[in-house]
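What follows is a set of notes on a single structure, which appears directly below.
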Amino acid sequence: MRRIFLLAAFSMLLFNVCRGQSRTALDDKTMDVERWIKRQFGRGHVPPFSFLYDGQPSAKLLPKWKHSMQRLEPSEDSQVAYLVSYTDPKTGLRVQCEVKGWTDYDAVEWLLRFENTGSVATPQLSCVQTLDLGLLHPQSSSTVYYANGSNAARTDFAPREQSLSPGDTLSMQPQGGRSSDTAFPFYNVEASQGRGAVVAIGWSGTWHSDIVASDDRTLRLTAGVPALDARIEAGERIRVASVCLLFWQGEDRMVGNNRFRRYMLAHHSRKVEGRPVYYPICGGFNWGDPAPCNEYTCMTTEYAIALMQRSKMFGFTPECFWLDAGWYTEAADFMSGKNWANTVGNWEPDPERFPQTMRPIGLYAKEKAKARFMVWFEPERVFRGTRWDREHPEWMLDAGGDNKLVNLSLPEAREWMSREIGDILEANSIDYYRQDFNIAPAGIWAANDRPGRSGITEVKYIEGLYAFWDYLLQRFPSLLIDNCASGGRRLDYETMLRSAPLWRTDYQYGEPVGYQCHTYGLEFFLSQHGTGSYHVDPFDSRSALGTAVVFNWKLTQMGEAFTDMKKTEEEFRLVRPYFYEDFYPLSGTGDITGDDIWLAYQLHRPLDQTGYIVAFRRAQCPQETYTVRLGGLAPNRKYRLEAVGSDWQHTATGDELRHGLTLQSAQPRTSLLIRYEAVE
């Protein structure tokens, strides 16, 4: 533990030493995205990124390097794009920055690449920070609104805030090599009252970010890849993290959070036929098998089809059927100690349980159930001795344990894995692809770095991961990727472009209070995510509301509860579209995890001034009433409110609702779902 602490402290010290001098003011009344890009990345300006090269800070080196700035053809409306290059005439190192801006959201993103155009290896490149920018503001303190990452706890994604006075620093870094493992790469900085910037970091490995109140008028933001300390070989080209800044101004920071949520949907999420996708309402195959089976190691073609038939009989019509781990060869060999986890690397359907592969299941889902078929994979992790390990040991990253990694930094290994997985999807009529990642990879990456090349294995591995996903999305234009890494431990700006977490945490399956907390925290930044729903009583089922869900109902054991399945599904479909709208936290950003509190939030559609209030009185909460203050409403308009499932109604002006609405529930462990609409 002491060594880990020292390494983390050294990393923070190194980042402090390397800061550049780029700054931007937050007191402008209007934001001109293209002007901002030209000013920050133009000739003669210190760009908003930094690095050390041969021990020298880039802020001193770049003014002496050859600079070019080329305007690119935008890929969509409201976008401006530039390719900015800096080339060292002595060593041939070229730094390329791909910059895009969106004028409709006052958002800018950039991606940093390094290429050695020379004939010999470069000097050492280190301390690479894709973001290194000072925010100039008119007040002496600032507030950072951020969140926990995932750690399979009730506190996963819980909102946090910290005020920074001159000399204060807030540092964030995930653990183990997965981008949202205990830290979350999205935060909102309110650097002056009613003005700020949302920051999103795109790196699916280990990133580091500092927010430093360097003086009473400057807040410096840095974010980068701390492991990289390497020479770049002749002809080699690497990329590092991407970053997005969305500038906002308004009455409070939720203006920024909601603009960012909408920006992500409009410009940085998976599109099919040019339109943002709805991630599915899923049905599980009885959510796992009893002992001695584990997960889906006892699933068969006949049983899967029978469960889909039963779903239809009971009026349950999911958009997708979800088959999780254990369908592959050797996973059901219980007598030999095999299970779903120690047979990854045997990626072919078990011929005894699926004699015609899983294709009949996929075809039945589409043709009879009118649904899609999603299947779980964990292709990066290869258990020692499985087929992939036996056939291609030269393509494995090995640090001596039972778990290896496919070396995605090798183009031949990545291309082979891409074809293998793509062929399985096609042969088995699989529509949606679920990728898990149940290993902390940082130690394996570090063990395979060569001297003088620290961090290169991680950098190229992450590049390979993106290339693998991009291959699948290009080969299958309608494919959706469910991004799972022991739950939501690999969520960041880059993964959210290609995927969404339909199982956002491995916290206790079905525990409703935790699920309420996870929804509440994630909704500040991301609207596309889902979880499991195990029961049909409103307190449980409403705890799993969102843009996606897997109804993990035991169709063989539900009994009389079947009568409530359709009602639960219909309620989810009714509320789901509002999770793509604006979100307002009605319970603040303090501790939301207790069993003795109310928790409430609001979903608001500005276009027609309709929305929902979702509230929970938890099991040990003594208060029958709870006052909330709604957001986003027109002050002088009148609104009618109706509680779903009861005869409660209320009418009030937007101004009255902004000042306080009292919710009431006579019994603990109950929920309220209130729909409202403007009537004048």
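Each reported figure results from applying straightforward, stated rules to the coordinates on display, with no laboratory input. This is a predicted model, so every value here is computed, not measured. Ideal geometry is used to build each Cβ from the backbone, glycine not excepted, and the neighbour counts take in all protein chains shown.
Here the simple spin-label model places points 7 Å from the Cα toward Cβ, and for T670 and N342 these points are separated by 5.1 nm. Could you tell me how far the Cα centroid of the range 373-427 sits from the Cα centroid of the range 643-680, in Å? That distance is 52 Å.
Taking each residue as 0.36 nm, the span from R113 to L574 lengthens on full extension beyond its C-alpha to C-alpha distance by 161.5 nm.
Computed from point charges on the beta carbon alone (+1 for Lys and Arg, -1 for Asp and Glu), the dipole magnitude for the chain about its Cα centre is near 1260 Debye.
Taking packing as the residue-averaged number of other Cβ atoms within 10 angstrom, the listed peptides 285-292, 139-146, 318-325, 162-169 run from highest to lowest as 318-325, 139-146, 285-292, 162-169. Rounded to the nearest 0.05, the FRET efficiency derived from the C-beta distance between D252 and K66 at R0 = 60 Å is 0.85.
Can you work out the PRE-style zone for T317? Point 7 Å along Cα to Cβ, and I want the residues of the range 562-595 with backbone N under 12 Å. Within reach of a label on T317: 570. For K366, the lysines whose Cα falls under 16 Å of its own Cα, not counting residues fewer than eight places away in the same chain, are K312. Listed by Cβ neighbour count within 10 Å, with the fewest neighbours leading, H535, H208, H659 appear as H659, H535, H208. For the range 2-271, lysine pairs separated by 8 or more sequence positions, or belonging to different chains, with Cα-Cα distances below 20 Å total 9.
For the pair Q557 and Q649, a Förster radius of 51 Å applied to the C-beta separation gives a FRET efficiency near 0.85, rounded to the nearest 0.05.
Based on the Cβ-Cβ distance of T218 and H45, what FRET efficiency does E = 1/(1 + (r/R0)^6) give at R0 = 22 Å, to the nearest 0.05? Efficiency, rounded to the nearest 0.05: 0.80. Take 255-266, 390-401, 69-80, 361-372 and order them by the average number of nearby Cβ atoms within 10 Å per residue, most first; the result is 255-266, 361-372, 390-401, 69-80.
Each residue, D564 and V120, gets one label point 7 Å from its Cα in the Cβ direction; the gap between the two is 7.5 nm.
The mean sequence separation of alpha-carbon pairs under 8 Å and at least six residues apart, normalised by the residue count of the range 352-481, gives a relative contact order of 29 percent.
Between E511 and R640, the simple spin-label model (points 7 angstrom out along Cα→Cβ) gives 4.2 nm. For K566, a cut-off of 17 angstrom between C-alpha atoms picks up these aspartates and glutamates, skipping any fewer than 8 places away in its own chain: E319, D537, D540.
Helices in the chain, meaning DSSP H runs of at least 4 residues, each add -39500 (n - 2.57). Divided by all residues, the mean residue ellipticity at 222 nm is -7000 deg cm²/dmol.
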